[in-house]
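Working notes for the structure below.
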Amino acid sequence: MRETLFNWLAPYIEGARVLDAFAGSGALGFEALSRGARFALFMDNSSVAVAQLKQSSQLLQSGAQIHQGNVIDFFNNRGDAEHRSFDIVFLDPPFDLDLLQTAVTALDQSGLVSEGGMVYIEQPRSQQRILTSGHWKLHREKSLGEVHCQLFQLDNSDTDGKLSPTNK
């Protein structure tokens with residue numbers, strides 16, 4: 001699935017500012033950096049994950065920034081002084097916490113995704129598709145095993161802002 005994702009992102013990755021929210025191991029953010037992203041911010045609530053991310057970043061000499069904290073709060077606060085705009089956002093919260101819809105809604109309202117920016121979401125295949133506003137345009141999607149992935153492109157020219165299902 002990761003190979004497919006980065007094939008989808010190939011035209012957008014060079015020089016991108018990336019947010020790996022709910023980073024866990026940081027596989028997506030580190031892959032983005034290795035493929036030419038200019039900057040990556042890794043966020044996770046777990047101190048264990050953050051310690052591992054810092055160790056990995058140092059080992060890879062990635063120059064990534066790593067923050068421990070609540071991703072939803074970060075979105076609701078519209079980032080921080082240093083992080084106000086991202087070209088690519090990875091949203092892959094732990095499936096058992098049921099945070100995806102809350103994260104998507106908060107991210108949409110935050111203004112943290114640049115115009116034309118990409119948002120990747122991953123969820124259990126059996127879960128109802130998330131709702132997105134009118135400026136989230138489905139770019140690609142794929143299911144593999146028990147996982148369903150969607151890649152959206154932000155288009156603020158559609159300003160209705162109404163939530164709609166993404167499984168059209």
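The values are calculated or read from the model by the stated rules, or taken from the named source; none is laboratory data. Nothing here was measured: the structure is a model prediction, and the numbers come from that model. Cβ: placed from backbone, ideal geometry, glycine included. Neighbour counts: every protein chain shown. Remember, those area values only see protein heavy atoms, side chains included, never the ligands or the DNA or RNA. Shrake-Rupley method; radii C 1.70, N 1.55, O 1.52, S 1.80 Å.
General observations
- Residues in the stretch 121-139 that are surrounded by fewer than 20 Cβ atoms within 10 Å (Cβ to Cβ) and of a type outside the set (A, V, I, L, M, F, W, C): E122, P124, R125, S126, Q127, Q128, R129, S133, G134, H135, K137, H139.
- Residue within the stretch 113-121 that is closer than 15 Å to D87 by Cβ, of a type in the set (V, I, T) and in contact with a Phe, Trp or Tyr (Cβ under 7 Å, 6 or more places away or on another chain) present: yes
- Residue that is nearest to the chain's Cα centre (by Cα), among those in the stretch 1-18 that are open to solvent by less than 60 Å² (accessible area, probe 1.4 Å) and over 27 Å from R125 (Cβ atoms): R17
- Of residues in the stretch 52-88 being of a type in the set (A, V, I, L, M) and surrounded by fewer than 13 Cβ atoms within 10 Å (Cβ to Cβ), the one nearest to G116 (Cα to Cα): A81
- Search result, residues across the stretch 1-37 that are in contact with a strand residue (DSSP E or B) (Cβ under 6 Å, 6 or more places away or on another chain) and of a type in the set (D, E, K, R): R17, D20
- Residue in the stretch 26-45 that is open to solvent by 50 Å² or more (accessible area, probe 1.4 Å) and over 20 Å from E3 (Cα atoms) present: yes
- In the stretch 126-149, the qualifying residues are those that are touching a Leu at 6+ places or on another chain (Cβ under 6 Å) and not in a loop (DSSP other than H, G, I, E, B), and the one that is modelled with the lowest pLDDT is L131.
- The stretch 24-34: number of residues that are without any contact (Cβ under 8 Å) to a residue 60 or more places away in the chain and over 18 Å from G117 (Cα atoms): 5
- Residues of the stretch 1-58 classified as part of a loop (DSSP other than H, G, I, E, B) and more than 21 Å from I72 (Cα to Cα), total: 8
- For the stretch 94-115, the condition holds for at least one residue, the condition being that it is open to solvent by less than 50 Å² (accessible area, probe 1.4 Å), in contact with a helix residue (DSSP H, G or I) (Cβ under 8 Å, 6 or more places away or on another chain), over 19 Å from Y12 (Cβ atoms) and among the polar types (S, T, N, Q).
- All of L100, L112 fail the test of being touching a strand residue (DSSP E or B) at 6+ places or on another chain (Cβ under 9 Å), modelled with pLDDT of 90 or more and within 26 Å of R38 (Cβ to Cβ), apart from L112.
- Yes/no for A21 being over 24 Å from W8 (Cα atoms), open to solvent by less than 10 Å² (accessible area, probe 1.4 Å) and in contact with a helix residue (DSSP H, G or I) (Cβ under 6 Å, 6 or more places away or on another chain): no
- Entry remark, the stretch 59-77: residues being in contact (Cβ under 8 Å) with a residue 12 or more places away in the chain, more than 14 Å from the chain's Cα centre (by Cα) and part of a helix (DSSP H, G or I) number 2 in total.
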